[in-house]
1. Among (i) 104, 75, 49; (ii) 150, 65, 57; (iii) 75, 70, 53, only one was calculated for this model; which label is it, if the read-out is Cα extents along the principal axes in Å?
2. Among residues other than Val149 whose Cβ falls under 12 Å from its Cβ, what is the net charge (Lys/Arg +1, Asp/Glu -1)?
3. Hey, can you find the accessible area per residue of segment 493-609 for me, probe 1.4 Å, expressed in square angstrom?
4. What is the sum of charges around Lys603, taking Lys and Arg as +1, Asp and Glu as -1, for the other residues whose C-beta is under 11 Å from the C-beta of Lys603?
5. To one decimal place, what orientation-averaged projected area in nm² is obtained for the convex hull of the Cα set of segment 122-216?
6. How much FRET efficiency would the formula 1/(1 + (r/R0)^6) give for Asp190 and Arg367, where r is the Cβ-Cβ distance and R0 is 45 Å, rounded to 0.05?
7. Report the Stokes-Einstein translational diffusion coefficient (µm² s⁻¹, integer) for segment 262-306, Rh taken as the Kirkwood radius over Cα pairs, at 25 °C with viscosity 0.890 mPa s.
8. For Asp147, Asp519, Asp290, give the ranking by accessible area with the largest first, probe 1.4 Å.
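The values are calculated or read from the model by the stated rules, or taken from the named source; none is laboratory data. Small disclaimer: the values here were computed from a predicted structure and weren't measured. Every residue, glycine as well, gets a Cβ built from its backbone with ideal geometry; the counts of neighbours run over all protein chains shown. Accessible surface is based on the protein model in full, side chains and every heavy atom, while ligands, DNA and RNA are left aside. Shrake-Rupley method; radii C 1.70, N 1.55, O 1.52, S 1.80 Å.
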Amino acid sequence: MGHVISLLFLLFNFLFGKVVSFGDVKYANDFFPKESIYRNENHCLQDKMKGRHVNYIRKLMREKNIQAYIICNENANLGVLTDHDRRLQAISGFSGTIGTAVITLEKAALWTDGRTFQSAIDDVDCGWTVYRKGGMDTMSLIDWIYDNVVDVTSVGACPYHMSAVWWSNFQDVFEEKNTRFVPFHQDLIDFVWTESRPSLPASQIYVHPLQFAGETWQSKVKRTLQMMNEQNADVLLLTNLDEIAWLFNLRARDFTFDPYFISFCVIDARRTKISLYLIDHEAKLNKWSDPENLSVYEFLNTSPSGECVPQDCSLDPKNHETTNTCDGKGDASEKSDHLQLCVDVLEYSPTSVKEYLRKLSQEESVRKVWVPWTSNQAFVEDIPKEKLIMKYTPPMVLKAAKNEAEISGLKNSTLRDSVFLATYFAELEERIKEDTLVINEIEAEIRNRRKNELHNNGPSGTSLIGFGPTAEIMVPKLTEDIITGNGVFLCDMGSQYLDGTTDIARNFVYGIPTERHKDIYTRLLMTHINLARKKFAVGSTGRDLESDEIRAPLREIGVDFPHEIGHMVAAHGSIVEGPASISNVTSDWRSDVAMDRHIFDCKSCSKKRSLSAEPDWRDYVLEEAMVFSNEPSFYGKGEFGMRIENTMFITKDECDTPCYSFEQLVYLPYESKLIKHEMLTTEQISWLKDYYDMVEKLVIPELKAKNDTRALRWLKERTHPDLLNSTS
């Protein structure tokens, strides 16, 4: 019956021109706001500062003779925003992350997505129009400019805060419209946002222990140089903070969840010259931060001031290198075998990086300059096009597949987290009968208790905790709502450990579940198992993996979730990293719909154009030892929210041709009270039995060692074989 419904839906799409997947209509009705446009022309916030900021921006625009100014919600790294980087919030009030804005001499508009549209409505100051991209009545940013400005001769933007890919798309449209696209290398907002502006964070850097990293930074640099040589690249720019942290085996806490530090790196392979740019670099370098009692500057083999002094060929065993003899011959990758690698550490400065890249790219001996897809336009604009390589950088590629030490650490940390959560959830089930439990208090309690676990280093992401209707949205807000004895509890709350990053979500029912609860949960579990047990050919992509049968249990009743089913997880780093994802839908964790067309569409343009775009993570070829989440979800507006999430890694399997499968990292029971076992297939039941065998093998001994009889009883009630034997 499900296949018939799917075929009818596809026929409807063909006849009426709807380019959506099955389930999207239900999702749109239940999840997206009904409105697409919001205008705040009459209401002003108490704080008039933002209004004054906009007026000052318009004064600068008149002085510089531009009619529109584009604001991207970005920093120079084009990464996670700090409070210092929230220019869009300073000018409009919008506190979200997904947003692009335009200010003209008379109007102002903001484009965001369905997940943050309501918060934008709540946040924005007077005089702003908010558009929900993907909405029926939403116009593109380009069309809005030409509809609202009579004579557009010049449009400005800051190239440090816009990707080179986006800059190219804007440039293409504006050239056809005979409009100058003017770069302002100092963002206009920086001229007006001066009072009470937070400083850039500068947390202390610490060394990620070799026992968890599994490879020295010198070895990683050597492999990076080898990849550069294969591409005839003499210069490499790194702007992604996860890549820099991974490359040098360094971590910090400049961000709430990601253990990274604000930085840039430039490698000149011809001279084996490594330049690392850090905030307050001398203070960081001179702190002790290594398990072997080395300061950061000693670990990086540089001086206390960060100046790399050329060494002789007697290599320092503290840096895990062997003694050798320098002969000064060979290419850059060969020379690195004979050189004691060291790092020049300089003060963080985007303008200094830009100037250094300009200088290097103009040297005749430089063949190619390699920059990441996510590079900002300012870094790219001075590099001759014939010398530019823009693609995934070596560290992004090299760190994608985890090494043995990283996999071992992920196994240990995730098992530790599974045991912790089993203990906590068992306790919670007892407390719910007598205590008054509040959602935000539960979140704080879990976070604080986790601090006592071995190698814990704080939360890994936003806590998604809710009960009943409070969990119906993709990013539930922590509230003071009470968890009662009748409803479904959602807890999605990972943690950072020095040996691994965890991401786990479970639902538990208190009281008597409804048939709707059980039907949705069982279909989520079926979807979850469909991916977990999948075998796939070597050379497959994430798009290949999420074939139609994965989401079929949900889609056959017209239900779907608007994001990828799996994202990559770092060994000790970001809970969401590239370069791959498991998905066959157009939306992902960054946005509920594709954003580019809602920015660059130009109805008044005659030229047909193909938009430039970064590579799609869904099309990256999957490799052994990549780590992914598996997280089907349900967002029932006015009902409840559910998410089942494990992390897992790719391992070799036995097939007629070379193939892979997944090995689970999380071993924690599913909610037996919500599973309609008669709906599961024989294969799904077999997988669930095997999974529970592993729970018994790995988790029960840990609970016995802790003498936690309550958690043992709780776990066995949910994994007892009789629960499945009756349906096998």
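1. Answer label, from the structure shown: (iii).
2. With Lys, Arg at +1 and Asp, Glu at -1, the net is -2.
3. Each residue of segment 493-609 exposes 31 Å² on average to a 1.4 Å probe.
4. Values: positive: none; negative: Asp143, Asp147, Asp601.
Local charge sum for Lys603: -3.
5. Working: hull surface 47.8 nm².
It is 12.0 nm².
6. 0.80
7. Rounded to a whole number, D works out at 218 µm²/s.
8. The ordering from most to least exposed comes out as Asp147, Asp519, Asp290.
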